[in-house]
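Each reported figure results from applying straightforward, stated rules to the coordinates on display, with no laboratory input. As the structure is a prediction and not an experimental result, all values here were calculated from the model. Positions of Cβ are backbone-derived with ideal geometry, glycine not excepted, and every protein chain shown enters the neighbour counts.
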Amino acid sequence: MESINKREAWNKGKLVGQKPPLKPKDIWAIRIHLQNAHAVRDLAMFNLAIDSKLRGCDLVSLRVRDITHGNQVLPRAMVIQRKTQRPVQFELTEPTRTAVSAWLEKSHLRGDQFLFPSRVARSPHVSTRQYARIVHHWAESAGLDSSAYGTHSMRRTKATLIYKRTKNLRAVQLLLGHSKLDYLPRRTMSRSICKHQ
């Protein structure tokens, strides 16, 4: 009788499903940790991930010129999303602009270069996989269960905070750049917010 090779499920022992957004206290814990560690690149990446609400693939492929004009970091930027091929606009808060400016000053990047270049020669910018590992490290630094958080947690954090404040689902959908306005049912967003308060 032939023995059948059974492969283990890719998600065995892993937490799967929708990743929760960060709470305000977690955001501050991560920021303080990164500031104390003098992690200039990571602080710029973290702040930009929260402010931009971009998917991981769009965040890691940002170029310096996407968020700057000359030597100034823009208060607002617009990028074309890879998944939907639609433009999405976002605001860069003062702490984000300060962190990104510090990173640009340290890294000496030019406008046409990737904002977060890879340290691996064969890759032009930080990969989405590497970004996911960085996010897990951030979660651990805040004392969180890193397996419960992912790159989408960064994308959902500011959107969730805005929804809690305004209860305006359409505005949140537009901020996230969803191609279909019925993409995220109100019930799902409300349930997610209640669950992770």
_Quick check: the distance between the Cα centres of the stretch 82-149 and the stretch 32-55, to the nearest angstrom?_
7 Å
*Of the listed pairs K23/K158; K19/K53; K23/K83; K53/K158, which have alpha-carbon separations greater than 18 Å here?*
K23/K83
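Apply 1/(1 + (r/R0)^6) to the Cβ-Cβ distance of M78 and E8, taking R0 = 30 Å, and write down the FRET efficiency to the nearest 0.05.
0.10
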*asked:* Given a Förster distance of 30 Å, report the FRET efficiency between H108 and S146 from their Cβ-Cβ distance, rounded to the nearest 0.05.
replied: 0.40
*Tabulate in residue order the Karplus-calculated ³J(HN,Hα) for the stretch 137-148, using 6.51 cos²θ - 1.76 cosθ + 1.60 with θ = phi - 60°, rounded to whole Hz; enter x for Gly and Pro.*
5, 4, 4, 4, 5, 8, x, 9, 6, 5, 6, 8
